[in-house]
Every structure is written in C-alpha cells, then in structure tokens.
Amino acid sequence: MMKMMRRSVAVGALTLGLLVGGGGTAVAADETTLYDRLGGMPAIIAVVDQFFVNNFADKRIAHRWETTDLPRLKEYIADMICDTAGGPCYYAGTAMRVAHAGMNITSEEFGWTAANLAAALDSLMVKDPERGEVLALVGSLQDQIVGT
C-alpha cells in the first residue's frame, strides 16, 4: 500500500512538473533544467522504479540484474539522471566503462534496455521534449557500456 502511495505521489509530481515546467507550456527549455521539467527527484525515482519493473519482466535481459544490489543501483541511476539533467544531485558511482567492464553487453541488450526505459517514460506520461532528452542522455552512454 505504501509503495502504491509513493508511486502515486511520484506520478503526480511528474505530471505536475511537466504541466508547470514543460510539456506544452510556453516555458523555454533553457529557462528550466530537464530535472525541473521532469518534476524533480520524485519523478526520476518513479521512472527508475518502472524501468526496473520493465527490465525484470523482459526475459531477454532480466538475468542481467539477478545478482545486483538493486536498491543501490536504483539510487546510482537516479542520481546519474538527476546530475546530468541539471538537478542538485551528484553521481558518485563508478564510471560507465569501468562499471560494465567484462559484462559483454551487446548492442541488442542495450537496445532492449533502452526500450524498457522508453516504456517507463511512456507509462508515466513523460512527453517530448523531456522524453527525448532522457533517452538521449542514456543513449550517449552506449559506447561506454556495450562490449566492454
């Protein structure tokens, strides 16, 4: 019940953030950060949570996270998105190339994971340009993740 309440609050914050800071208003993208336009950390956490729901439901890649410290990984991913989106967070995790070294992640797996992120953004009603900006941020990491 508490988890559903947190998700409802996060979805509400995401929706409010898009209505106030972007998502069809006259606010120019350079006047507010992507972090603000997304709805801040509650919205980012909601996206990350849904992203992992999607990943675990995806039988092609679910095994990739079976032995992961999931709470810590979620925190790192949320901090990374927050940091790169202009929020107050600082990503203190391992560099992408180092974190994924030896995992032999394929382009297909990266694509499936990116599609799961896109689906998470869609399920939380994140519209363009914010949706595209988040996907571009993650897509820019592909060379550091695939084949390392």
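Quick notes
- The numbered conditions (1) farther than 14 Å from Val138 by Cβ; (2) surrounded by 12 or more Cβ atoms within 10 Å (Cβ to Cβ); (3) free of Cβ contacts under 8 Å to residues at least 24 places away in the same chain are all true for Gly87 except (3).
- Some residue of region 92-109 being in a helix (DSSP H, G or I), surrounded by 13 or more Cβ atoms within 10 Å (Cβ to Cβ) and either of a type in the set (S, T, N, Q) or at pLDDT 95 or above (or both): yes
- Selection status of Val11, within 17 Å of the chain's Cα centre (by Cα) and either at pLDDT 95 or above or in a helix (DSSP H, G or I) (or both): yes
- Of the residues making up region 54-64, those that are part of a helix (DSSP H, G or I) and either in contact with a strand residue (DSSP E or B) (Cβ under 8 Å, 6 or more places away or on another chain) or surrounded by 14 or more Cβ atoms within 10 Å (Cβ to Cβ) (or both) number 4.
The values are calculated or read from the model by the stated rules, or taken from the named source; none is laboratory data. Please read these numbers as outputs of a predicted model, since none were measured by experiment. All Cβ positions, even for glycine, are placed from backbone atoms using ideal geometry, and neighbour counts span all protein chains on display.
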